[in-house]
Amino acid sequence: ITRTHTLEAILETDADGNVTATHARKTSHSMGRLETAKVDGNHLLMVDEEGILYEADGDGSHARSVCRLSAQMRALQPYSGIMRKGHDFLLSFYSGGVFRLRKTANGTYTEEPTAIRCGVFEMFRDRKQDIIWIATDGEGLCYLTHEPYELHNELYSRLPFEISKPVRAIVRDANNDLWIATKGD
């Protein structure tokens with residue numbers, strides 16, 4: 001996904017494990033230039049340069065406008081993540097924390113700050129549990145659980161391994177191990 005196009009490729013692996021990408025399709029974004037786009041399950045979540053949040057099918061088709069972000073929220077960009085959680089959305093920023101877009105009874109969205117106010121480098125959905133892991137730049141490794149949303153900060157001192165630097169990325173591997181990348185450790 002670029003600012004102006006979605007590019008699709010077919011990936012093929014040969015007998016030696018080498019991967020070859022073959023161009024399949026290039027389509028222009030119907031909503032205009034994007035500021036950010038993230039894959040969330042079978043959907044694309046995108047914010048355009050006007051601050052409108054869109055949700056689309058995985059191939060970028062059938063995009064629908066969700067809501068327009070406030071000027072205050074747009075000023076926090078660059079975005080580090082967008083994720084759907086039930087009927088709501090979570091947006092994270094490299095220097096502005098995590099915000100929840102809560103769907104109201106009349107179908108509009110309200111912007112609510114969460115307890116995470118420092119920079120966020122990544123949000124990761126644990127597909128085995130209903131947990132979203134959040135890699136922060138000053139509050140350790142945080143996680144969000146069931147509704148109503150609860151944010152938990154896992155202090156560096158309580159982890160079963162030593163971390164003393166900001167968390168930059170998190171990923172779960174094929175063995176279901178959680179890997180944490182830090183700045184300096």
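The values are calculated or read from the model by the stated rules, or taken from the named source; none is laboratory data. Note that the structure is a prediction, hence the values are computed from the model and not measured. Note that each Cβ is placed from the backbone with ideal geometry, even for glycine, and that neighbours are counted across all protein chains shown. Protein only, heavy atoms only, side chains kept; ligands, DNA and RNA dropped before computing areas. Shrake-Rupley method; radii C 1.70, N 1.55, O 1.52, S 1.80 Å.
Looking at the structure I just gave you, is A135 of a type in the set (G, A, S), touching a Cys at 6+ places or on another chain (Cβ under 9 Å) and closer than 22 Å to G41 by Cβ? Taking the combined requirement at face value, the residue satisfies it. As a summary of the residue check, Q77 satisfies the conditions (1) under 28 Å from E8 (Cα atoms); (2) open to solvent by less than 40 Å² (accessible area, probe 1.4 Å); (3) among the polar types (S, T, N, Q) except for the one numbered (2).
When S70 is tested against (1) more than 18 Å from the chain's Cα centre (by Cα); (2) open to solvent by 40 Å² or more (accessible area, probe 1.4 Å); (3) of a type in the set (S, T, Y), only condition (2) is not met.
Any idea which residue in the stretch 99-118 is least open to solvent (accessible area, probe 1.4 Å), counting only those that are within 16 Å of the chain's Cα centre (by Cα) and touching a residue at least 40 places away in the same chain (Cβ under 8 Å)? Once the filter is applied, the top-ranked residue is L101.
Within the stretch 50-68, track down each residue that is without any contact (Cβ under 8 Å) to a residue 40 or more places away in the chain and closer than 22 Å to M123 by Cα. Step through it out loud before you land on a result.
Here is the first cut: in the stretch 50-68, the ones without any contact (Cβ under 8 Å) to a residue 40 or more places away in the chain are 50-52, 54-58, 61-65, 68.
If the condition is that a residue be without any contact (Cβ under 8 Å) to a residue 40 or more places away in the chain and closer than 22 Å to M123 by Cα, then G51, I52, Y54, E55, A56, D57, G58, R68 are the ones that fit.
Just to be sure, is L144 closer than 20 Å to G41 by Cβ and at pLDDT below 85? Reasoning before the result, please.
Details: closer than 20 Å to G41 by Cβ: yes; at pLDDT below 85: yes.
So L144 fits the description; yes.
Note on the stretch 1-30: among residues that are of a type outside the set (A, V, I, L, M, F, W, C), in a strand (DSSP E or B) and within 21 Å of H62 (Cα to Cα), the one that is least open to solvent (accessible area, probe 1.4 Å) is T6. If I filter the stretch 53-104 down to residues being under 18 Å from A169 (Cβ atoms) and polar (S, T, N, Q), which single residue comes out as modelled with the lowest pLDDT? Here the residue is S95. Give the residue that is nearest to A56 (Cα to Cα), with candidates limited to residues of the stretch 70-91 that are touching a residue at least 40 places away in the same chain (Cβ under 8 Å) and either part of a loop (DSSP other than H, G, I, E, B) or basic (K, R) (or both). It comes out as R84. For the stretch 33-56, filtered to residues that are more than 16 Å from C67 (Cβ to Cβ) and not in a strand (DSSP E or B), the residue that is least open to solvent (accessible area, probe 1.4 Å) is G41.
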